[in-house]
Structures are given as structure tokens and as C-alpha cells.
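Here is the structure we will look at, set down as C-alpha cells.
The values are calculated or read from the model by the stated rules, or taken from the named source; none is laboratory data. Bear in mind the structure is a predicted one, so any value in this text is a computation, not a measurement. Quick reminder, even Gly has a Cβ in these numbers, built from the backbone with ideal geometry, and neighbours come from all protein chains shown.
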Amino acid sequence: MIAANPATGLKRPPAPPRPWSKTRILGHFLMAMWIVSGCSLLYYLALNIASPFVLKYWPEYLSGFFVTLQIVGLSLLIGALLSVPIAAARASNWWFLSKPAYGYVYFFRGTPLLAQTFLVYYGAGTFQPQLQAIGLWDFFREAWFCVIFAFSLNTSAYQAEILRGAIQNVSKGQWEGAAALGLTKPVTFLKVILPQALIVALRPYGNEIILMLKGSAIAAIVTVFDLFGETRRAYSRSYDFQAYIWAAVIYLFLVEMLRRIWDKIELRLTRHLKR
């Protein structure tokens, strides 16, 4: 069948079929393998949904699930509060504000989260007398608080860079217009610039949440029984490999749930841009 060109009204012959090159054949083969693997995994999970392992350990998995949500939620909230002054300092023209903020961001973005967690958890014991003298030893002796502390500092550095980039993306005309209206710089930043910057930063913030969720498994290494910690304990007792399969499925469910929620939030907040 010959299709007509809507612009000229002339008929043109249909495009020839794509040749089956080696790359195309390999791509279809790999896609078929992924589909077969996914179906096999779903079949395996369906067979083991009521297995003795699941019936025995699902309460522990549920407990670890909520611990993971608490760790990620608190760390992100504290990190968000810290990121605003850090981002403002990074964007400042005063070197005594921008240089320390740059060093803070450079360190926490340039070193592994695992190393930072170890520095806080194991390093705090080195300063036990000093921490006891100022009343902070009860805080740093608990693995839970050390994890929250380390994770909050780490994510605050990433969130500060996300926010700084979003703030710099707002045109300077917004500052000039606010100044013409007699608004002070702090008011302009909080009421004019920051709301616009947060819309730009929505997608990077969503990526940071997902990265923190997956990185929260590090907490298990310092004896916090989050989802991954409960998974390790279940495997050490049962030596059943499905312990890790179920953990991967739960993490995948969490990431997908967060992705969909974030898409809804972004769609809601940017609805005026689609008109």
C-alpha cells in the first residue's frame, strides 16, 4: 500500500523493512532472555509465597522494612534542612562562607557512604572521654543514631548541590524584579527564588531519595537491623538463598512505589507549565 504525503499530496512508496543485522538479532535475543528470566522469577516467587521460610521470617522482614523507611525518611528530612544553608553558602560571593561549604560538599560527595558511616560509628569511640564530657556519648554509642547522623550529612551534601544548581537555574531577572518591588534578599530567596528552584530540583531530588533507599543497606554492617540486616540474619539461620531474592523484590517494590509517588507529585506541582 502506497501512503500519501499530507504536505504535498504525492504518494510515496512504503519504507523498506529493516534488515535483520547481527546487532538487532542480539538485541532481540537479550530481550527474550530478560523476559524469560523475569517470568521464571515470578514463577519461583509464586511457588514460594507460602513456603516455610516466608511464613517464619516475614515478621522480621516487615520490621526491617519499617526500620529502613525510618532511616531513609529521617536522614532525608534532616539532610533537606541542612542543605538550604549549605546551598546558600555555596552560592555566596563571600569566600569565608563558600569555601567551607565547598569543602563540606567535596568531602561528603567524594568519599563512600560506607567509609563515612564507619568513621562515625567506629571513630566516635576514640573520642569517648571528650564526648562524655559534653554529654554526647549516649548519642554516638548507639548504632541507630550514628547511621542517621552519617546518612544525614551525606545526603545534605548531595541535596545542597541539587538545590544550588536549581537556584542558579532561576534567572537573575527574578532577583531584579523582587528588588524593584522593595523585597529584601532573604525574603526574595524564600518567597520567590526557592519555590521556583524546588520545581527544577524535583527530579534530581527523586533520584537522591532512591539512591539513599538503596544505600541504606549499609546500616546492616554496623548492626542496625533494617531490611538488609534482617535479610542477613534470616540467611545466617536458614542458609536459604531466597532470603536475598525476597529482599531484592521488596527493595524493587519500594523504588517503584517511590518513583510513582514522585511522578504524581511532579505532575501536580508542574501542572501550570503544561497549559
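Points worth noting:
- For Ser92, the criteria (1) hydroxyl-bearing (Ser, Thr, Tyr); (2) in a helix (DSSP H, G or I); (3) surrounded by 13 or more Cβ atoms within 10 Å (Cβ to Cβ) hold in every case but one, which is (2).
- Taken over the range 108-167, the criterion of being exposed (fewer than 14 other Cβ atoms within 10 Å of the Cβ), closer than 30 Å to Tyr205 by Cβ and polar (S, T, N, Q) is satisfied by Thr111 alone.
- Within the range 242-264, considering residues that are of a type in the set (Val, Ile, Thr) and touching a residue at least 40 places away in the same chain (Cβ under 8 Å), the one surrounded by the most Cβ atoms within 10 Å (Cβ to Cβ): Ile250
- Residues of the range 218-241 that are touching a residue at least 40 places away in the same chain (Cβ under 8 Å) and in a helix (DSSP H, G or I): Ile218, Ala219, Ile221, Val222, Leu227, Phe228, Gly229, Glu230, Thr231, Arg233, Ala234, Ser238.
- When residues of the range 50-60 are limited to those that are among the hydrophobic types (A, V, I, L, M, F, W, C) and surrounded by 10 or more Cβ atoms within 10 Å (Cβ to Cβ), the one nearest to Phe228 (Cα to Cα): Trp58
- Only one of Val192, Val200, Val187 that is more than 17 Å from Leu74 (Cα to Cα) and over 29 Å from the mean Cα position of the chain (by Cα): Val187
- The set of residues in the range 45-80 being in contact with a Phe, Trp or Tyr (Cβ under 9 Å, 6 or more places away or on another chain) and of a type in the set (A, V, I, L, M, F, W, C) consists of Leu45, Phe53, Val54, Trp58, Val67, Ile71, Val72, Leu74, Leu76, Ile78, Ala80.
- Evaluation of Glu161 against (1) among the charged types (D, E, K, R); (2) free of Cβ contacts under 8 Å to residues at least 60 places away in the same chain; (3) farther than 28 Å from Phe53 by Cβ (one fails), failing number: (2)
Residue by residue, here is whether (1) surrounded by fewer than 10 Cβ atoms within 10 Å (Cβ to Cβ); (2) at pLDDT 85 or above; (3) of a type in the set (A, V, I, L, M, F, W, C); (4) more than 27 Å from Ala243 (Cα to Cα) holds:
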position	(1), (2), (3), (4)
Thr8	yes, no, no, yes
Leu62	no, yes, yes, no
Ile71	no, yes, yes, no
Ile78	no, yes, yes, yes
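- Any pair with Cβ under 9 angstrom, 6 or more apart, that starts in the range 21-41 at a residue that is over 22 Å from Val249 (Cβ atoms) and ends at one that is of a type in the set (A, V, I, L, M, F, W, C) and not in a helix (DSSP H, G or I): His28/Trp20
- Looking at Thr117, Thr68, Thr126, just one residue is under 24 Å from Met257 (Cβ atoms) and not hydrophobic (A, V, I, L, M, F, W, C), and that residue is Thr68.
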